[in-house]
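Right, one structure below, let's go through it.
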Ligand SMILES: Cc1cc2nc3c(=O)[nH]c(=O)nc-3n(C[C@H](O)[C@H](O)[C@H](O)COP(=O)(O)OP(=O)(O)OC[C@H]3O[C@@H](n4cnc5c(N)ncnc54)[C@H](O)[C@@H]3O)c2cc1C
Ligand code: SF4
Ligand code: SF4
């Protein structure tokens, strides 16, 4: 593509991670004419936002925005998407990188119509990671109803008998178990890492009882419970007995701002708990919600207004205290909690039906470091070194962020990648 006063567009850009940040970077670069390789390790694009019911503060479903991005992606011949793929190595210098990519087979080709017949006959069931293990899924599965690409996956855990059954059930000749893992090189001028975040492992926060008591869940589990495509089809119920909760507490900063866990503020979990209060209020108008916090961080006018709305709600109570201890009430499954009042230092005791841990974000790179010449901070976020150039990070690979900030950052890094190619 050429425009007046501009040099011809040449060279390719790689984006590693197909969440909302990766989609934005890829689309912004591709829509001004650059060839983009988008590498996603999961079977579907969209990343973590596909697991959310609503976005704060507008409370709209993330699927709306994703659908628009998927349409832009389908319309754009410049983007080549590789799902079930990971980068093995990045070699070279700005403007001239060789990236080694490994792809694992989906065992399903483009003939798939998502008819679901393979799923019906498949007997192998696996814990459903998309719903944080709160239900099980078949080994022949569609990651979720908004998956992109809309194409089934045959899990490698599927046994021989099931493989025969699913093949027989497929009337479209879409299942192909001869597909193999492949490793290949791609030449690009710049790479943008948008590998995002993982929920902090709540089992590591010993004093908050996650994993020991069934009615203590994480904020991301609550997102899945509240989502119509989640394990309870949108009903927020207690894991121990499916009871509708009448009192729910939130423990803010669960593992964040804590030298023993994540020393930084995760930025989004105050707003996420406020949003979760709206989910609960919509389902259970009489439920009482208690938010235990150190400080409430709701930066900017829109987020402050959102907080003000919840503050005015007579069933939402804000308690300035950090939850320090939890136990289970014998026979009821209720949760006893003890919090320290951060001003008086006094102990507050309360028993609730359910406790939600507002766990924070850990960069994926802290757990799975890319083999590339990148600089990381002590927590595993990628630091953008613009003097070196060539390799960049956007979204939650770079810092804890909401979607708006991630998208702004992702657009900026598309520009940095383009500048590398044009130097
Ligand atoms: C409880 C909770 C609620 C939230 N609610 C909201 C909200 O209402 N509004 C809002 O604005 N924000 C919300 N957020 C924040 C929002 O989830 C993030 O801003 C958003 O997910 C950032 O997108 P991302 O693309 O940077 O990362 P991710 O969504 O994590 O996407 C990263 C992608 O990269 C892929 N990937 C990772 N490693 C590799 C690799 N090595 N190779 C290839 N691919 C890889 C992943 O599979 C994933 O698809 C919430 C967060 C939490 C914890
Ligand atoms: S793989 Fe075949 S049977 Fe399964 S959903 Fe796709 S078309 Fe249907
Ligand atoms: S956003 Fe709120 S809950 Fe999350 S770490 Fe920061 S202060 Fe704590």
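The values are calculated or read from the model by the stated rules, or taken from the named source; none is laboratory data. What you see is a predicted model, and the numbers here were worked out from it, not measured in a lab. So basically every Cβ, Gly included, is an ideal-geometry build from the backbone, and we count neighbours across all protein chains shown.
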Among the residues listed as 323, 316, the single one being more than 16 Å from ligand 1 (Cβ to nearest atom), modelled with pLDDT of 95 or more and within 17 Å of residue 261 (Cβ to Cβ): 323
Residues of the range 252-270 classified as within 12 Å of ligand 1 (Cβ to nearest atom) and at positive phi, total: 2
Residue within the range 372-381 that is over 28 Å from residue 210 (Cα atoms), touching a residue at least 40 places away in the same chain (Cβ under 8 Å) and crowded, with 24+ Cβ neighbours inside 10 Å present: no
Extreme residue, nearest to ligand 3 (Cβ to nearest atom), among residues of the range 78-118 that are free of Cβ contacts under 8 Å to residues at least 40 places away in the same chain and not in a strand (DSSP E or B): 114
Residues of the range 35-77 classified as in a loop (DSSP other than H, G, I, E, B) and either more than 13 Å from the chain's Cα centre (by Cα) or away from ligand 2 (no atom under 16 Å from the Cβ) (or both), total: 16
Test: residue in the range 119-126 that is at pLDDT below 95, closer than 30 Å to residue 210 by Cα and surrounded by fewer than 19 Cβ atoms within 10 Å (Cβ to Cβ): no
The listed residue being closer than 20 Å to residue 394 by Cα, at pLDDT 95 or above and surrounded by fewer than 21 Cβ atoms within 10 Å (Cβ to Cβ), out of 34, 70: 70
When residues of the range 382-398 are limited to those that are more than 8 Å from ligand 1 (Cβ to nearest atom) and touching a residue at least 40 places away in the same chain (Cβ under 8 Å), the one farthest from the chain's Cα centre (by Cα): 388
Residue check, residue 277 within 23 Å of residue 400 (Cα to Cα), more than 12 Å from ligand 3 (Cβ to nearest atom) and modelled with pLDDT of 95 or more: yes
Sole residue being under 30 Å from residue 87 (Cα atoms), away from ligand 2 (no atom under 13 Å from the Cβ) and either assigned by TED's automatic domain parsing to the domain that holds residue 83 or assigned to a helix (DSSP H, G or I) (or both), chosen from 130, 148: 130
Which listed residue, of 329, 340, is over 29 Å from residue 96 (Cα atoms), touching a strand residue (DSSP E or B) at 6+ places or on another chain (Cβ under 6 Å) and modelled with pLDDT under 95: 340
Candidates 239, 245, filtered to the one that is surrounded by 19 or more Cβ atoms within 10 Å (Cβ to Cβ) and over 30 Å from residue 379 (Cβ atoms): 245
Subset tally (residues that are under 13 Å from residue 418 (Cα atoms) and either crowded, with 24+ Cβ neighbours inside 10 Å or modelled with pLDDT under 95 (or both)) for the range 4-26: 11
